[in-house]
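Participant: Here's a structure for you.
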């Protein structure tokens, strides 16, 4: 009786794939008629989907039997069943024991592979045309073997897909770089037969079996092979990705140069005792002698200089652009659209009532509004945003901008440019990680690609056309970057002293996954010394002898300030580096393999391997801005460097919403929850200096009991005296199982400099457990006592829009702003239900019992004077009207009247801003109606 073995090409392809996990599982499907069967590969089962349409049925003849017995030991016999063949049973996702008999793979020889690829790159560098490059590729042994139609019919796929010469060249590069497995079954077969990638006898035998099956399957007489459906689309997408990598990394040598750099970094990371970084390894000009703690300009200590620097920043706003690197995948945030289930980029995180991108733009508009109030001129900063295709990033950001009509700034003031995705690689040997045929796992190549990409996409020219000399750079996840004077002082010093690059820095959190700013000291081959500020990423600490764990007071790590990725950059200087045709245009190249790569393979199985991708760090462009000296003198270079650092309290510089806080996780670091607490700390620091009573108190010991009494027993008048004033926010550990002690959210246009904001607030108190939200800029608070929720919302926070000649709405600062005055007012209500489990405080999504809400449409105005407003109220004021509330004989006296026509644009009052020395002073101007 005939015996049958059923093997599908998809099985052979999957089985011959190099396994990246410690447990590999497979089951050979044998055709059977009954349920009782003998397992294949005894004690070492693999499980796969079989595809009947592609299955190959072979008679178990003598030669095949001899072949099978020769490749499997007695402990792992391939059992073939003497039963009639009917179908192949499909079994998926079954986990079993690891392959115990496979010997360990020999170590990958990095140096041999690097030498081979460098030789190939050298030949390609000498070529002037694509045809010459193809001639070089055709002489490469790997490429010749791969595209030999007698051994691999992928050449017929090329013909069937009508690939052009450039596309064919890209595939040649993939094969020559040792990544033929990306091309599905064709690449895997050749790896096993030609390149000795099968590193044990069992795999080798199966590669041979796979080749035999493919040979038997060739019945088309050499006809073209055309891919269908998903594979066809995957190949086209692969070609697009390869084209972007080849073009963008041309300064390294395209795809081949990318792979060389990856292997060099991997080889470096596996060398014991290695203490150099990539820059030193590649540089023939410098040798890093030492790193030193940098000198900083401490804004918290030298307040007068800080104020002056901030004014320089305001004055220089017409010379500044804004650069926003938003292309990261933000995997740690785990942001998902609740309706569609689609993964979302960090810029779309709903934070404090708006997306992070909206928050970033309103921070910028607050600075522009301050410029308008001081100088009476309109200033709209051009914004360049780097996006990527990761998580549909580019589409989401573009759609948000369009939906919000480009924030009233005009489409021409934005330039979105998309960064390429790069292949992720295995840490073992630099092999590209593949999720399914033609689909390598790709991620954004780090924010450091922004400089070269900006040059390639014309961003520097665009800024020049807008008359900009410098730019500020910040990441969207840092929600406090624009707090008070940090960003303005950074830009002001950079512009005033014509610096090439500036860092905003602060104290480093112990054990945090963040880099440090350092002073690099290098010696030139001609004996001269180079000094400059730079950044060392936390992944590189061990190379410089810096401990990664929590530092001791005297440790090396404790001496250096944190890198925050808030930068000032001189645009011509950055363009000069970005336009270089070498690795300088890709600063700070690193390959972080300390975190596993997780992905879902073609069978729906979640995989995790050790690996990474080639990344660049934007702040390391500073490595190109060193100053030369004839002798060693690092202690005396403080003011002479082309780079500088401003330093401030940490909560005024960086607090990020980068990762999702896990349930019951006691750490708030870099989570939305933790950054909200820092915003509350800043609110306390801001308002407690305005004469508003905010003494320290332990919120946890008060709020629950107070809420209970508040709802059931105490009258409103008694409540005001019993409920304690607002507390200073304590350590994060106090709020692991509760919300913040209060919610205070102030629009940045109230300042954004705190010395401006503090002149709009004076006196009164805010009780613990209260909520204060002010979305307005023309605002006055005098002796207001808040116990509950007070929410003031305005349509025209900083101005109103007028359509330009293209029909686009453009925000006109100061025109028809809404206004609100509160003088000697007591607000009493039940406010937020702090015990509700539905509250998500960092989203500002909370349940309330009661609130006082004021909604101002258009240029509406609201005034409340000498009054107690108790309970749940909503005052909605229409455009063109003023609503005034005072105490009446039997409650509230509410009067509404229209604003005079001559005051429609200016309002009945406004704050007048003046610079007095190094300070900004405000005065309240009241206008009389005719």
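Participant: Kindly provide the set of residues from the stretch 452-468 that are farther than 20 Å from residue 397 by Cα and either crowded, with 20+ Cβ neighbours inside 10 Å or in the same structural domain as residue 805 (by TED's automatic domain parsing) (or both), ordered by number.
Facilitator: Once the filter is applied, which keeps residues that are farther than 20 Å from residue 397 by Cα and either crowded, with 20+ Cβ neighbours inside 10 Å or in the same structural domain as residue 805 (by TED's automatic domain parsing) (or both), the stretch 452-468 yields 452, 460, 463.
Participant: If residue 341 passes every condition in (1) touching a strand residue (DSSP E or B) at 6+ places or on another chain (Cβ under 8 Å); (2) assigned to a loop (DSSP other than H, G, I, E, B) but one, which one does it miss?
Facilitator: Result: residue 341 passes all but (1).
Participant: Could you list, in sequence order, the residues of the stretch 226-251 that are outside any helix (DSSP H, G or I) and in contact (Cβ under 8 Å) with a residue 40 or more places away in the chain?
Facilitator: 226, 227
Participant: While we're looking at this one, here's another question. Hey, can you tell me all the residues within the stretch 775-798 that are in a loop (DSSP other than H, G, I, E, B) and out of contact with any helix residue (DSSP H, G or I) (no Cβ under 7 Å at 6 or more places or on another chain)?
Facilitator: Those that are in a loop (DSSP other than H, G, I, E, B) and out of contact with any helix residue (DSSP H, G or I) (no Cβ under 7 Å at 6 or more places or on another chain): 776, 788, 795, 796.
Participant: I'm checking my understanding of the structure. Among residues of the stretch 792-829 that are touching a strand residue (DSSP E or B) at 6+ places or on another chain (Cβ under 9 Å) and on the phi > 0 side of the Ramachandran plot, which one is surrounded by the most Cβ atoms within 10 Å (Cβ to Cβ)?
Facilitator: Out of the qualifying residues, it is 799.
Participant: Specify the residue that is nearest to residue 266 (Cα to Cα); the eligible residues are those in the stretch 421-449 that are touching a strand residue (DSSP E or B) at 6+ places or on another chain (Cβ under 8 Å) and in a loop (DSSP other than H, G, I, E, B).
Facilitator: If we take residues in the stretch 421-449 being touching a strand residue (DSSP E or B) at 6+ places or on another chain (Cβ under 8 Å) and in a loop (DSSP other than H, G, I, E, B), then 427 is nearest to residue 266 (Cα to Cα).
Participant: On to the next question. Please give the number of the condition residue 595 fails out of (1) modelled with pLDDT of 90 or more; (2) under 30 Å from residue 437 (Cα atoms); (3) surrounded by fewer than 23 Cβ atoms within 10 Å (Cβ to Cβ).
Facilitator: (1)
Participant: Listed residues 407, 414; which is free of Cβ contacts under 8 Å to residues at least 60 places away in the same chain, in contact with a strand residue (DSSP E or B) (Cβ under 9 Å, 6 or more places away or on another chain), assigned by TED's automatic domain parsing to the domain that holds residue 616 and more than 27 Å from residue 183 (Cβ to Cβ)?
Facilitator: 414
Participant: Where the second residue is assigned to a loop (DSSP other than H, G, I, E, B) and modelled with pLDDT of 90 or more and the first is within 23 Å of residue 859 (Cβ to Cβ) and lies in the stretch 887-898, which pairs have Cβ atoms under 6 Å and are six or more apart or on separate chains?
Facilitator: Going by the 6 Å Cβ cut-off, the qualifying pairs are 898/880.
Participant: Any idea how many residues of the stretch 830-849 are surrounded by fewer than 17 Cβ atoms within 10 Å (Cβ to Cβ) and outside any strand (DSSP E or B)?
Facilitator: Residues in the stretch 830-849 being surrounded by fewer than 17 Cβ atoms within 10 Å (Cβ to Cβ) and outside any strand (DSSP E or B): 7 in total.
Participant: A further question on this structure: Only one of (1) in contact with a strand residue (DSSP E or B) (Cβ under 6 Å, 6 or more places away or on another chain); (2) farther than 30 Å from residue 684 by Cα fails for residue 584. Which number is that?
Facilitator: Failed condition: (1).
Participant: If you take the residues in the stretch 286-314 that are part of a loop (DSSP other than H, G, I, E, B) and in contact with a helix residue (DSSP H, G or I) (Cβ under 6 Å, 6 or more places away or on another chain), which one is modelled with the lowest pLDDT?
Facilitator: So, considering only residues that are part of a loop (DSSP other than H, G, I, E, B) and in contact with a helix residue (DSSP H, G or I) (Cβ under 6 Å, 6 or more places away or on another chain), the one modelled with the lowest pLDDT is 293.
Participant: Is there a residue being assigned to a helix (DSSP H, G or I), crowded, with 20+ Cβ neighbours inside 10 Å and either in contact (Cβ under 8 Å) with a residue 12 or more places away in the chain or not assigned by TED's automatic domain parsing to the domain that holds residue 919 (or both) anywhere in the stretch 315-331?
Facilitator: Scanning the stretch 315-331 turns up at least one residue that is assigned to a helix (DSSP H, G or I), crowded, with 20+ Cβ neighbours inside 10 Å and either in contact (Cβ under 8 Å) with a residue 12 or more places away in the chain or not assigned by TED's automatic domain parsing to the domain that holds residue 919 (or both).
Participant: If you don't mind, another one. Among the residues of the stretch 565-587, are any in contact (Cβ under 8 Å) with a residue 12 or more places away in the chain, surrounded by fewer than 18 Cβ atoms within 10 Å (Cβ to Cβ) and in a helix (DSSP H, G or I)?
Facilitator: Yes, the stretch 565-587 contains at least one residue that is in contact (Cβ under 8 Å) with a residue 12 or more places away in the chain, surrounded by fewer than 18 Cβ atoms within 10 Å (Cβ to Cβ) and in a helix (DSSP H, G or I).
Condition check ((1) in a helix (DSSP H, G or I); (2) over 30 Å from residue 295 (Cβ atoms); (3) within 21 Å of the chain's Cα centre (by Cα)) across all residues:
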| residue | (1), (2), (3) |
| --- | --- |
| 402 | yes, yes, no |
| 406 | yes, yes, no |
| 418 | no, yes, yes |
| 467 | no, yes, no |
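Quick grid of which residues meet (1) assigned to a helix (DSSP H, G or I); (2) in contact with a strand residue (DSSP E or B) (Cβ under 8 Å, 6 or more places away or on another chain):
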| position | (1), (2) |
| --- | --- |
| 608 | no, yes |
| 620 | yes, yes |
| 623 | yes, yes |
| 628 | no, yes |
| 646 | no, yes |
| 651 | yes, no |
| 654 | no, yes |
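Participant: Among the residues of the stretch 799-830, how many are touching a helix residue (DSSP H, G or I) at 6+ places or on another chain (Cβ under 9 Å), more than 26 Å from residue 902 (Cα to Cα) and at pLDDT 95 or above?
Facilitator: Total meeting the criteria: 4.
Participant: What is the residue count in the stretch 899-923 for residues that are surrounded by 13 or more Cβ atoms within 10 Å (Cβ to Cβ) and in a strand (DSSP E or B)?
Facilitator: Of the residues in that region, 9 qualify.
Participant: Hey, does the stretch 477-493 have a residue that's touching a residue at least 12 places away in the same chain (Cβ under 8 Å) and surrounded by fewer than 20 Cβ atoms within 10 Å (Cβ to Cβ)?
Facilitator: No.
The values are calculated or read from the model by the stated rules, or taken from the named source; none is laboratory data. What you see is a predicted model; the values in this text were computed from it and never measured. A quick note on method: Cβ atoms are made from the backbone with ideal geometry, for glycine too, and the neighbour counts reach across all protein chains shown.
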